[in-house]
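Reading through the structure tokens given below for one structure.
Every read-out reported here was derived from the displayed coordinates using simple, explicitly stated rules and does not represent laboratory data. Remember, predicted model here, so these are calculated numbers, not experimental data. Please note: Cβ atoms are built from the backbone with ideal geometry, for glycine as well, and neighbour counts cover all protein chains shown.
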Amino acid sequence: MSHFAYMVRCADGSLYCGYSTDPIAREKAHNSAKGAKYTRSRLPIKLVYAEEYGDKSSALKREAALKRLTHAQKEELVLSPTNRIK
């Protein structure tokens, strides 16, 4: 099973970082108001970045690292040519 660290862009322009085994389904959950408290007041959201990992521990560690980045650093990742989410 794959595990993902992901980022979604909220309607206010902020970037929310999370963990999921299915980031596309998680995006739908966020948009149906079943997502995180942070995103519920910032709908709609759009999946803009995801990194795949083979184990949950690695994905959760990356999620924590993404949350510590500045907004500018997160934007660099979103705009990176290696980002497969366009």
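Select, from MET7, MET1, the only residue that is assigned to a loop (DSSP other than H, G, I, E, B) and either touching a residue at least 12 places away in the same chain (Cβ under 8 Å) or of a type in the set (D, E, K, R) (or both).
MET1
Quick check on the stretch 28-43. Is at least one of its residues of a type in the set (Ser, Thr, Tyr) and part of a strand (DSSP E or B)?
Within the stretch 28-43 (the criterion being of a type in the set (Ser, Thr, Tyr) and part of a strand (DSSP E or B)), the answer is no, since none of the residues qualifies.
Considering only the stretch 44-65, state which residues are loosely packed, with under 15 Cβ neighbours inside 10 Å and assigned to a helix (DSSP H, G or I). Quick ask: steps written out before the conclusion?
Here is the first cut: in the stretch 44-65, the ones loosely packed, with under 15 Cβ neighbours inside 10 Å are 44, 46, 52, 54-58, 60-61, 64-65.
Of everything in the stretch 44-65, those that are loosely packed, with under 15 Cβ neighbours inside 10 Å and assigned to a helix (DSSP H, G or I) turn out to be LYS56, SER57, SER58, LEU60, LYS61, ALA64, ALA65.
Please work out which residue is nearest to ILE85 (Cα to Cα), limiting yourself to the stretch 4-55 and to residues that are aromatic (Phe, Trp, Tyr) and over 9 Å from the mean Cα position of the chain (by Cα).
TYR53
Yes or no: ARG68 surrounded by 19 or more Cβ atoms within 10 Å (Cβ to Cβ), at negative phi and not aromatic (Phe, Trp, Tyr)?
No, not satisfied.
Where the second residue is of a type in the set (Val, Ile, Thr) and surrounded by fewer than 17 Cβ atoms within 10 Å (Cβ to Cβ) and the first is closer than 16 Å to ALA50 by Cα and lies in the stretch 14-38, which pairs have Cβ atoms under 6 Å and are six or more apart or on separate chains?
none
Please give the number of the condition SER58 fails out of (1) within 11 Å of ALA5 (Cα to Cα); (2) within 11 Å of the chain's Cα centre (by Cα).
If we test SER58 against (1) within 11 Å of ALA5 (Cα to Cα); (2) within 11 Å of the chain's Cα centre (by Cα), just (2) comes out false.
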